[in-house]
Each structure stands twice: as C-alpha cells, then as structure tokens.
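Each remark here refers to the structure printed beneath this line.
The values are calculated or read from the model by the stated rules, or taken from the named source; none is laboratory data. These numbers were taken from a predicted model, which means no experiment stands behind them. When we count neighbours, we look across all protein chains shown, and the Cβ atoms used for this are built from the backbone with ideal geometry, even at glycine. Heads up: the accessible areas ignore ligands, DNA and RNA and are worked out on the full protein's heavy atoms, side chains in. Shrake-Rupley method; radii C 1.70, N 1.55, O 1.52, S 1.80 Å.
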There are 2 protein chains.
Amino acid sequence: MAGWQQPPYHFGSQLLSWLAPEHIGPVEEVPVSVPDGSTLPMEGGIVGRSALLRQLHDARALIDKHQPDRLVVLGGDCLVDLAPFAYLNERYDGELAVLWVDAHPDIVTPEQFQHAHAMVLGNLLGNGDADFVEAVSRPIKPQNVMYVGLHDPGEWEAGEMERLGLQNVGPAQLAQQGSKPVLDWFKSTGAKHLAVHFDLDALDPAFFRSLLFAKPDIAEGTFDDIAQEELKIEQVVQLLSEVAKVADVVGLGIAEHLPWDALAMKNMLARLPLIGKPNVA
Amino acid sequence: MAGWQQPPYHFGSQLLSWLAPEHIGPVEEVPVSVPDGSTLPMEGGIVGRSALLRQLHDARALIDKHQPDRLVVLGGDCLVDLAPFAYLNERYDGELAVLWVDAHPDIVTPEQFQHAHAMVLGNLLGNGDADFVEAVSRPIKPQNVMYVGLHDPGEWEAGEMERLGLQNVGPAQLAQQGSKPVLDWFKSTGAKHLAVHFDLDALDPAFFRSLLFAKPDIAEGTFDDIAQEELKIEQVVQLLSEVAKVADVVGLGIAEHLPWDALAMKNMLARLPLIGKPNVA
C-alpha cells in the first residue's frame with residue numbers, strides 16, 4: 001500500500017473548496033506540509049504521529065479563534081473531523097449526535113493498525129492513543145453515534161462496535177428502509193444538534209470515482225481486502241435532507257476526496273507546450 | 001444519443017481554467033448560453049447552427065481585439081478551435097502546421113452527420129457548410145495537417161482522408177515509433193509555426209475518465225460504435241514536448257473535457273445540509 005500516506009489529499013481539499021457553493025462566514029485553512037516524497041516516520045505505533053498531532057492542535061486553535069456555532073470541514077482524510085467534532089460536542093454540552101457516513105468504522109487503535117485516519121471516531125469516543133484522546137475533552141456518547149453505509153467490518157472492529165453499542169444502517173438496510181431507521185435513532189438520542197461525517201468512500205465507485213480505491217492505475221487486487229462502496233450520491237443527499245428536517249445540522253465534514261482525473265489534468269497542463277511552465281517540462 | 005448536445009462542456013471549461021498554470025496575457029471568455037434543458041433546433045442540417053455561428057463570430061471578434069501571436073483555447077467541444085486556428089493560419093501567412101490529436105477525423109459535412117463539432121477540421125481545410133467555411137479566409141493546407149491517435153475512421157471519412165491526403169500516426173504507430181513520424185512530417189511541411197488540437201477523447205478512458213464516452217451512468221453499449229481511446233497522457237506529453245523543440249507552438253486547444261465526478265460533487269455539495277443553498281435542496 002505504498003503511497004497511501006501521501007495521496008493528493010491537499011489537492012482534493014482545494015478542489016472541494018472550488019466546487020462548494022458560495023457562502024458567508026470565515027474560512028480557515030489548516031497548514032499541512034506539501035508532500036515531498038519522503039516516507040513519514042512511524043512514531044509510537046502511528047505513522048506521522050507528531051505531524052498529525054500538530055495539525056490537530058492547529059485546527060483546534062483556528063476553531064477556537066472563531067468559536068462557531070456551525071462548521072463545515074473540507075478534507076483531507078477522515079482525521080480532519082477530530083478537532084471540529086470534539087469542539088462541537090463541547091459547544092453543545094456533550095449532547096452532540098453524530099452521523100458517520102462511511103464504509104469503515106474508524107475506531108481502531110495503534111494495536112490494530114498504524115494509520116490515524118482509521119482511529120478518528122474511536123478518539124471522539126475517548127479511546128485510542130492518549131495524545132489524540134486528550135484533544136477530546138468531552139467524549140461523544142456511543143448511543144449518539146449512528147453509522148450509515150458501513151459494511152463488512154473486520155472481526156476486531158465488529159467486536160468493538162458491539163462492546164460500545166454502536167449502531168449501523170448498512171447499504172442494504174438504507175436501500176430497503178430509507179431514512180426511517182436513522183430518523184428513529186436521532187429521535188431516540190434526545191439530541192438537538194447533529195454533526196455529519198461523510199467519507200466519500202461510502203459511495204459506489206462505479207458512479208463516483210474520485211476515491212482512493214478507484215485510483216485508475218493501481219494494480220488489480222490492491223484494495224481487495226478493504227470494504228468499499230455501495231451508496232449512491234442520491235441516497236446520501238436524500239437521507240441528509242430528511243435528517244436536516246428533524247435535526248439542527250451543526251457540522252459537516254467531507255473526507256477522502258481524491259480527484260484523480262483533475263490532478264492528472266493539472267499535471268498534464270503544466271507540462272504541455274505553450275500553456276505549461278517551461279521549467280516543469 | 002440524447003443529451004449529447006448539452007453535456008457539461010461549460011463546467012469542463014471552467015475547471016480547465018482553474019487547473020491551468022498561472023499565466024500572463026489577456027483572457028477572454030466566449031459567451032455561451034447556459035443549457036436550459038431545451039433541445040437545440042436542427043437548422044440547415046446542423047444542430048444549433050445559428051447559435052454555433054454566433055459563438056464562432058464572437059470568438060473571432062475577441063481574438064481580433066488582441067491579435068495575439070499565440071493562443072490557448074480551453075473548451076468546450078472540438079468546434080472551439082475553428083476561429084482560433086483560422087486566425088492563426090492568417091497570422092502565419094497560410095503556412096501554419098496543425099497537429100490534430102484526436103480519436104476522430106472531424107472532417108464530416110452535414111451530409112454525413114448533423115453535429116458541427118465533427119466538422120471543424122473539414123471547415124479549416126475549406127470544406128463543409130458555407131457559413132462555417134466563410135470564417136476560414138485562408139484554408140489550412142492538407143499536407144500541413146497530421147493526425148495523432150486517430151483510429152477506425154468510418155468508410156466515408158477514410159475515403160475523404162485519402163482524397164485530401166491527410167496523414168495519421170495512429171496509437172499503435174505512436175507506441176512503436178514514438179515521435180519520429182510526427183517530427184519527420186513537421187520537417188517535411190517547411191512550416192515554422194504549429195497549432196495543436198488536443199481532443200481528450202484520444203486518451204484511454206481506463207486512465208482518464210473525464211470524457212464523454214466515460215460518463216459513469218450511461219447505458220452499456222451507448223457509444224459502442226464510436227472510436228474511443230488508446231493514448232496515454234504520458235505519450236501525448238512526451239510527443240508534444242519533443243515537437244515543441246522543433247516547432248514554434250503558437251496554438252493549443254484542449255477540447256472535450258467532461259469532468260463527471262467534479263460535476264457530481266458540485267451538484268451534491270449544493271444539496272447537502274449546512275454547505276448547500278437551502279433553495280437548491
């Protein structure tokens with residue numbers, strides 16, 4: 001899985017920002033070093049641990065500067081929602097509900113896996129690496145979390161989900177029952193405020209292909225053992241529209257946007273005669 | 001082939017502009033009506049003929065305003081290169097050479113096909129609908145044209161190519177012989193100045209998918225009878241880099257950029273809670 005650590009997340013985030021509707025309110029960008037091709041070090045069981053902690057604290061400082069009631073996060077990998085959702089749960093007195101639209105549960109610890117993007121919901125629940133958990137002064141209540149789109153979790157993850165009591169509406173259930181199970185869950189929490197984590201890899205790559213697992217030139221079979229896909233964009237839009245009628249949506253994070261074609265085009269244009277920069281050719 | 005006339009070419013052009021390297025020099029945008037879902041009328045054997053002629057004359061007026069020595073065109077369908085290449089051949093006294101990187105020859109007339117984007121090189125050579133040809137005061141010399149990437153032309157097109165003496169380096173020949181046949185051709189023309197038409201549908205959709213024929217949700221078989229693909233981005237970059245060492249590249253047109261994922265993302269963001277505009281949901 002070479003290259004996982006430094007795919008073009010930064011570019012994906014910039015493109016999201018360009019594609020987003022016009023808006024009012026302040027915008028901040030968390031500084032992230034431009035990938036230089038070097039391998040991030042393994043530190044205390046987590047790849048790039050110190051760089052990620054630095055980004056986490058930078059993100060929190062930018063949020064605290066504005067102390068917003070609502071915020072949108074354009075990532076980046078799944079870890080981008082750690083500081084914002086931790087903040088929102090403090091802002092709403094520990095009563096935040098969280099809809100986690102994702103193909104993966106994101107609750108592992110360094111004992112199972114060395115990449116922090118797969119740990120972020122675990123951290124928000126108060127579990128995992130001590131320095132990441134320290135950024136979550138009020139852990140989110142497990143009963144206030146609902147997965148959408150999760151399927152085929154690993155054995156350890158399935159056990160941990162059961163231990164914590166984390167609920168899931170999988171792709172098949174969403175297709176059959178629509179938004180009702182999610183609306184029922186939200187009502188059951190008693191929460192008023194909701195944050196939505198939307199990992200784009202929950203989408204079916206046959207219809208949306210700007211995804212890590214849909215990289216055009218990877219060797220066949222590279223990601224065969226990783227849960228992928230299943231939701232259609234229309235299903236997610238429909239679900240979130242209905243949820244927004246009963247919940248005050250105060251957070252939305254878009255993660256894992258990897259626009260391969262746009263990046264290929266940008267790199268190509270930079271190398272073509274006349275339009276490209278001569279020093280790039 | 002419903003929907004061909006109005007796919008998101010306008011958006012594709014805007015994204016190209018965002019992806020392009022920074023540059024100096026003036027920028028102009030040819031006004032194009034935003035698609036309103038209505039069907040363009042068939043006029044004199046060409047769909048949307050009057051609207052296309054208006055755009056053609058608008059484009060020419062914008063070029064004449066600046067009278068540039070060189071120009072880049074970010075399309076748009078293939079027809080975007082008609083006014084610029086006609087201008088450049090006047091500017092360089094009828095001696096312009098043209099490299100036409102495309103899966104299709106673009107030389108049909110209204111007798112064979114009703115869409116003008118497939119007629120543009122024919123028009124530049126002085127053939128086809130009189131009002132389009134009138135925009136070409138100095139037709140390009142057929143021997144000054146080289147196709148790259150063309151394969152499987154239709155029977156009428158193959159005959160017309162032979163009649164005109166249009167040469168082609170197909171995908172297989174490019175893969176085997178590299179840039180040499182193109183460099184040899186350019187030398188044989190005696191030309192100093194070169195314009196490059198790059199129809200992205202010359203690229204293999206397995207690696208670059210922002211193409212008409214790679215639309216994610218089309219019915220299987222929709223485009224089975226249309227020549228597609230074959231070139232890799234790297235091959236085109238390599239070829240054009242080598243050509244630029246012997247030719248003064250004075251024109252570059254990028255056509256047929258249809259970024260399906262980016263468009264799907266833009267439309268989705270506009271409909272999501274918090275980030276979207278409420279009146280779009």
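Values computed for the structure shown
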quantity: Residue of A:Asp201, A:Asp64, A:Asp102 that the Gaussian network model of chain A assigns the largest fluctuation, springs spanning Cα pairs under 10 Å; calculated: A:Asp64
quantity: Global form of chain B, assessed from the alpha-carbon gyration tensor, a/c cut-off 1.5; calculated: rounded
quantity: Placed amide H near B:Val148: partners under 5 Å, 5+ positions off or other chain; calculated: B:Trp100, B:Val101, B:Asp102, B:Val169
quantity: The protein assembly as shown: antiparallel DSSP beta bridges as a percent of all, rounded to 5; calculated: 10
quantity: Accessible area (Å², per residue) of the range B:121-251, counting only protein heavy atoms and a probe of 1.4 Å; calculated: 44
quantity: Choice from A:Ala20, A:Ala103, A:Ala195 showing the highest fluctuation, given a GNM over chain A with Cα pairs closer than 10 Å; calculated: A:Ala20
quantity: The range B:10-16 - phi-based ³J(HN,Hα) in whole Hz, Karplus 6.51/-1.76/1.60, Gly and Pro as x; calculated: 4, 5, x, 5, 4, 5, 4
quantity: Accessible surface of B:Ser38 - all protein chains present, 1.4 Å probe, nearest 10 Å²; calculated: 60
quantity: Calculated [θ] (222 nm, deg cm²/dmol) that DSSP helices of n ≥ 4 give over chain A, each run adding -39,500 (n - 2.57); calculated: -10500 deg cm²/dmol
quantity: Percentage relative contact order, the range A:94-163, counting C-alpha pairs under 8 Å, at least six apart; calculated: 43
quantity: Anchor A:Lys266: lysines whose Cα lies under 24 Å away (excluding residues fewer than 8 positions away in-chain); calculated: A:Lys215, A:Lys277, B:Lys215, B:Lys232, B:Lys245, B:Lys266
quantity: Unit charges on C-beta of K, R, D, E only; dipole of chain A, Debye; calculated: 800
quantity: Exposure of A:Trp185 as accessible area (Å², to 10), given a probe of 1.4 Å and all protein chains; calculated: 10
quantity: Alpha carbon centroid spacing (whole Å) that separates the range A:57-108 from the range B:102-179; calculated: 55
quantity: Relative contact order (percent, whole number), the range A:55-108, Cα cutoff 8 Å, 6+ residue spacing; calculated: 34
quantity: In Hz, Karplus ³J(HN,Hα) per residue of the range B:67-73 (6.51, -1.76, 1.60; θ = phi - 60°; x = Gly, Pro); calculated: 6, x, 7, 9, 8, 10, 10
quantity: Residues along the range A:7-42 losing 30 Å² or more of accessible surface when the other protein chains are present rather than the chain by itself (probe 1.4 Å); calculated: A:Leu15, A:Trp18, A:Leu19, A:Pro21
quantity: Amide N proximity, the range A:242-276 versus A:His66 label position 7 Å along Cα-to-Cβ, cut-off under 15 Å; calculated: A:250-254
quantity: Whole-Hz ³J(HN,Hα) from phi, Karplus 6.51 cos²θ - 1.76 cosθ + 1.60, for the range B:154-165, glycine and proline x; calculated: x, 5, 5, 5, 4, x, 5, 4, 5, 4, 7, x
quantity: Drop in accessible area of at least 30 Å² in the complex versus isolated chain, residues of the range A:181-220, 1.4 Å probe; calculated: A:Phe207, A:Phe208, A:Arg209, A:Pro216
quantity: Portion, in percent, of the accessible area of chain B that falls on carbon or sulfur, probe 1.4 Å; calculated: 50
quantity: Cα-centre dipole for the protein assembly as shown with unit charges at Cβ (Lys and Arg positive, Asp and Glu negative), debye to 20; calculated: 1360
quantity: Projected area, mean over directions - the range B:1-86, Cα convex hull, nm²; calculated: 6.4
quantity: Choice from A:Pro26, A:Pro153, A:Pro68 with maximal GNM fluctuation in chain A (Cα, 10 Å cutoff); calculated: A:Pro26
quantity: Estimated dipole of the range A:125-203 in Debye, rounded to 20 [Cβ of Lys and Arg +1, of Asp and Glu -1, Cα centre]; calculated: 660
quantity: Positive-pole candidate from B:Trp185, B:Tyr147, B:Met161, dipole of the range B:144-198, charges at beta carbon; calculated: B:Trp185
quantity: With DNA, RNA and ligands ignored, accessible area of A:Met42 (1.4 Å probe; Å², nearest 10); calculated: 110
quantity: Sites A:Glu95 and A:Ala175 - FRET efficiency at Förster radius 51 Å, r taken between beta-carbons, to 0.05; calculated: 0.95
quantity: Per residue accessible area of the range A:36-107, 1.4 Å probe, in Å²; calculated: 39
quantity: Accessible area that becomes buried as B packs against A, both chains, 1.4 Å probe, Å², nearest 100; calculated: 4500
quantity: Cα-derived Rg to Rh of the protein assembly as shown, Kirkwood definition; calculated: 1.03
quantity: Average Cα contact separation per residue, chain B, under 8 Å, 6 or more apart, as relative contact order %; calculated: 22
quantity: Shielding by other protein chains, B:164-172, mean Cβ within 10 Å; calculated: 0
